[in-house]
Ligand SMILES: NC(=O)c1ccc[n+]([C@@H]2O[C@H](COP(=O)([O-])OP(=O)(O)OC[C@H]3O[C@@H](n4cnc5c(N)ncnc54)[C@H](O)[C@@H]3O)[C@@H](O)[C@H]2O)c1
């Protein structure tokens with residue numbers, strides 16, 4: 001089988017990482033085109049990969065006859081236009097989260113894909129591919145915890161860029177717990193409240209940090225999330241699931257535990273999301289490439305979260321930002337999935 005020829009749009013932190021993973025660790029695919037708003041960046045990356053070109057316009061890169069599939073790793077505001085172009089050209093696409101920046105445009109993308117018939121869009125919610133989350137999900141589905149009742153989550157970053165604001169804590173950080181909840185519980189989130197505790201004096205001025213999110217699902221399950229993005233310590237993502245027959249923890253960072261002559265014991269902390277979720281990104285990409293190979297016969301070019309999941313996450317985050325401003329619980333406004341044939 002010949003390699004899937006991929007165009008990567010946006011070669012910043014994530015895009016450059018994805019180019020490296022496709023080139024060195026993923027089988028059955030090759031990067032043939034890279035594009036970036038900063039042409040020089042794309043040219044430098046293309047120069048390091050055999051038979052790869054830089055293309056100046058993202059829409060030309062999508063339309064390029066040599067390109068079979070697309071990875072979108074440009075900033076969120078450019079996703080809608082690039083996704084719609086992929087759909088019009090019938091090209092499978094793995095789009096980094098968010099699908100688009102708001103629920104309305106995400107829904108328009110879901111509808112357009114459904115109209116055209118093939119399932120072409122996968123969204124980059126990579127935690128679903130992390131070994132610990134995947135194990136938790138299989139145990140849950142096998143009934144090992146009985147009925148799941150509660151999810152306690154912690155999402156901490158050592159620091160965020162100076163451009164990060166309070167709404168981005170919801171849209172860029174909490175969005176992952178939103179997807180994890182929907183993945184584990186297989187149901188929609190129906191309401192969300194963001195609580196604003198006393199702010200970390202070390203956080204940049206104007207940013208509400210930490211934040212506590214409280215979510216509720218359609219069947220009444222409770223989810224709480226501590227979001228704290230300026231801890232100065234490490235990248236910590238923990239999830240505890242509580243069910244009627246017991247509970248389980250993931251993300252405890254308990255790799256090697258060392259004891260020293262100074263009387264200390266412990267392990268290493270995870271510095272960032274690329275280290276914590278490196279395996280998840282690799283698995284996500286390999287499974288997507290395999291699905292693109294298989295898609296010609298099935299019409300489904302995905303193996304993971306789809307456009308609907310991107311829309312649902314956008315709708316919850318939109319309600320989350322409204323709650324951040326009002327302090328009140330906010331109902332999530334979403335259309336019913338059954339109302340869109342093929343979504
Ligand atoms: N799944 C995850 O864990 C995860 C983590 C971080 C970021 N992300 C997502 O990945 C995407 C990229 O984030 P990043 O951290 O790599 O950002 P970044 O700023 O490091 O990189 C974005 C790149 O896109 C380029 N660019 C800007 N506009 C463009 C356009 N219209 N077309 C093509 N390229 C364009 C920029 O020049 C830059 O090189 C975002 O959607 C972000 O939310 C996902």
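Of all the residues in the range 245-278, those that are surrounded by 10 or more Cβ atoms within 10 Å (Cβ to Cβ) and in contact (Cβ under 8 Å) with a residue 12 or more places away in the chain number 19.
When the range 90-105 is filtered for residues that are within 20 Å of the chain's Cα centre (by Cα), more than 11 Å from the ligand (Cβ to nearest atom) and either in contact (Cβ under 8 Å) with a residue 12 or more places away in the chain or closer than 12 Å to residue 342 by Cβ (or both), the ones remaining, listed by number, are 92, 93, 102, 103, 105.
Does residue 302 satisfy the criteria of being touching a residue at least 60 places away in the same chain (Cβ under 8 Å), in a loop (DSSP other than H, G, I, E, B) and buried (at least 18 other Cβ atoms within 10 Å of the Cβ)? Judged against the criteria, residue 302 is a match.
Looking across the range 149-169, the residues that are under 19 Å from residue 237 (Cβ atoms), in contact (Cβ under 8 Å) with a residue 40 or more places away in the chain and not in a loop (DSSP other than H, G, I, E, B) come down to 150, 151, 152, 153, 154, 155, 156, 169.
Residue 108 satisfies every condition listed in (1) within 16 Å of the ligand (Cβ to nearest atom); (2) within 26 Å of residue 315 (Cβ to Cβ) except (1). For the range 277-296, the tally of residues that are farther than 13 Å from residue 17 by Cα and either modelled with pLDDT under 95 or not in a helix (DSSP H, G or I) (or both) stands at 1.
At least 3 residues being under 28 Å from residue 142 (Cβ atoms) is the threshold, and among the strands (runs of 3 or more DSSP E) wholly inside the range 175-261 those reaching it are 211-217, 222-228, 236-243, 246-250.
Pairs linking a residue in the range 70-89 that is closer than 16 Å to residue 31 by Cβ to a residue that is at pLDDT below 95 and outside any helix (DSSP H, G or I), with Cβ atoms under 7 Å and 6 or more positions apart or on different chains, do not occur. Filtered by the rule that a residue be surrounded by 15 or more Cβ atoms within 10 Å (Cβ to Cβ) and closer than 19 Å to residue 149 by Cβ, the range 187-217 gives 188, 189, 190, 191, 192, 193, 213, 214, 215, 216, 217. Looking only at residues that are within 16 Å of the ligand (Cβ to nearest atom) and outside any helix (DSSP H, G or I) in the range 111-128, which one is nearest to the chain's Cα centre (by Cα)? Filtering the range 111-128 for residues that are within 16 Å of the ligand (Cβ to nearest atom) and outside any helix (DSSP H, G or I), the one nearest to the chain's Cα centre (by Cα) comes out as 125.
Applying a threshold of 8 Å to beta carbon distances and a minimum spacing of six or more residues, or different chains, the list of pairs starting in the range 315-332 at a residue that is without any contact (Cβ under 8 Å) to a residue 24 or more places away in the chain and ending at one that is not in a helix (DSSP H, G or I) reads 322/330.
The values are calculated or read from the model by the stated rules, or taken from the named source; none is laboratory data. Bear in mind the structure is a predicted one, so any value in this text is a computation, not a measurement. Note that we place each Cβ from the backbone using ideal geometry, even for glycine, and neighbour counts take in every protein chain shown.
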